[in-house]
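Some notes on the structure that comes next.
The values are calculated or read from the model by the stated rules, or taken from the named source; none is laboratory data. Everything numeric in this text was worked out from a predicted model, so none of it was measured. Please note: Cβ atoms are built from the backbone with ideal geometry, for glycine as well, and neighbour counts cover all protein chains shown. Side chains included, ligands, DNA and RNA excluded: accessible areas come from the protein's heavy atoms. Shrake-Rupley method; radii C 1.70, N 1.55, O 1.52, S 1.80 Å.
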Amino acid sequence: MDKIRKEALQVTKEIVVKFIETQRVSPASLGEVFPSIYRVVLESIATDGARDGQSPLPTASTGTERE
(Lines give C-alpha, C1' and ligand atoms only; values in the text may rest on other atoms or scores of the structure.)
Protein backbone atom coordinates (compact mmCIF):
# COMPACT_ATOMS: atom_id res chain seq x y z
CA MET A 1 0.00 0.00 0.00
CA ASP A 2 1.50 3.31 -1.00
CA LYS A 3 1.88 6.36 1.23
CA ILE A 4 -1.19 8.19 -0.09
CA ARG A 5 -3.48 5.21 0.45
CA LYS A 6 -2.12 4.76 3.99
CA GLU A 7 -2.80 8.41 4.74
CA ALA A 8 -6.30 8.14 3.27
CA LEU A 9 -6.94 5.08 5.43
CA GLN A 10 -5.78 6.90 8.57
CA VAL A 11 -7.92 9.96 7.81
CA THR A 12 -10.92 7.73 7.13
CA LYS A 13 -10.43 5.94 10.45
CA GLU A 14 -10.33 9.27 12.29
CA ILE A 15 -13.49 10.50 10.54
CA VAL A 16 -15.37 7.29 11.28
CA VAL A 17 -14.34 7.38 14.94
CA LYS A 18 -15.64 10.95 15.22
CA PHE A 19 -18.89 9.95 13.53
CA ILE A 20 -19.31 7.07 15.98
CA GLU A 21 -18.51 9.34 18.95
CA THR A 22 -21.12 11.87 17.82
CA GLN A 23 -23.59 9.04 17.14
CA ARG A 24 -23.94 9.91 13.46
CA VAL A 25 -22.84 6.37 12.56
CA SER A 26 -23.45 3.20 14.53
CA PRO A 27 -20.79 0.50 14.78
CA ALA A 28 -23.30 -1.87 13.15
CA SER A 29 -23.31 0.20 9.94
CA LEU A 30 -19.53 0.52 9.78
CA GLY A 31 -19.27 -1.96 6.89
CA GLU A 32 -21.52 0.22 4.74
CA VAL A 33 -20.10 3.60 5.71
CA PHE A 34 -16.34 3.01 5.83
CA PRO A 35 -15.80 2.20 2.12
CA SER A 36 -17.80 5.26 1.06
CA ILE A 37 -15.85 7.62 3.29
CA TYR A 38 -12.53 6.06 2.24
CA ARG A 39 -13.39 6.51 -1.43
CA VAL A 40 -14.26 10.20 -0.93
CA VAL A 41 -11.09 10.84 1.08
CA LEU A 42 -8.92 9.10 -1.51
CA GLU A 43 -10.56 10.97 -4.39
CA SER A 44 -10.11 14.27 -2.53
CA ILE A 45 -6.42 13.58 -2.02
CA ALA A 46 -6.02 12.60 -5.68
CA THR A 47 -7.86 15.70 -6.88
CA ASP A 48 -5.80 17.97 -4.65
CA GLY A 49 -2.59 16.25 -5.78
CA ALA A 50 -3.52 16.67 -9.44
CA ARG A 51 -4.21 20.35 -8.81
CA ASP A 52 -0.73 20.67 -7.26
CA GLY A 53 0.88 19.12 -10.35
CA GLN A 54 1.25 15.57 -9.04
CA SER A 55 -0.05 12.62 -10.99
CA PRO A 56 -3.58 11.61 -9.93
CA LEU A 57 -4.33 8.21 -8.43
CA PRO A 58 -6.21 5.55 -10.41
CA THR A 59 -9.95 5.87 -9.79
CA ALA A 60 -10.55 2.14 -9.29
CA SER A 61 -9.72 1.03 -5.76
CA THR A 62 -9.85 -2.74 -5.95
CA GLY A 63 -6.60 -3.11 -4.04
CA THR A 64 -4.96 -4.99 -6.92
CA GLU A 65 -3.28 -2.05 -8.62
CA ARG A 66 0.50 -2.09 -8.81
CA GLU A 67 2.68 0.96 -9.21
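Glu7 sits with roughly 90 Å² accessible to a 1.4 Å probe, with DNA, RNA and ligands left out of the calculation. For Val25, the residues whose modelled amide H falls within less than 5 Å of its own, excluding neighbours fewer than 5 places apart on the same chain, are Ile20. Computed with every protein chain present, the accessible area of Leu42 is close to 10 Å² [probe 1.4 Å]. From the P(r) of the stretch 1-44, can you give the percent of Cα pairs sitting at distances over 14 Å? Taking all Cα-Cα pairs of the stretch 1-44, the fraction more than 14 Å apart is 47 percent. Distance between the pseudo-spin-label points of Asp2 and Lys18 (7 Å out from Cα toward the beta carbon): 2.6 nm.
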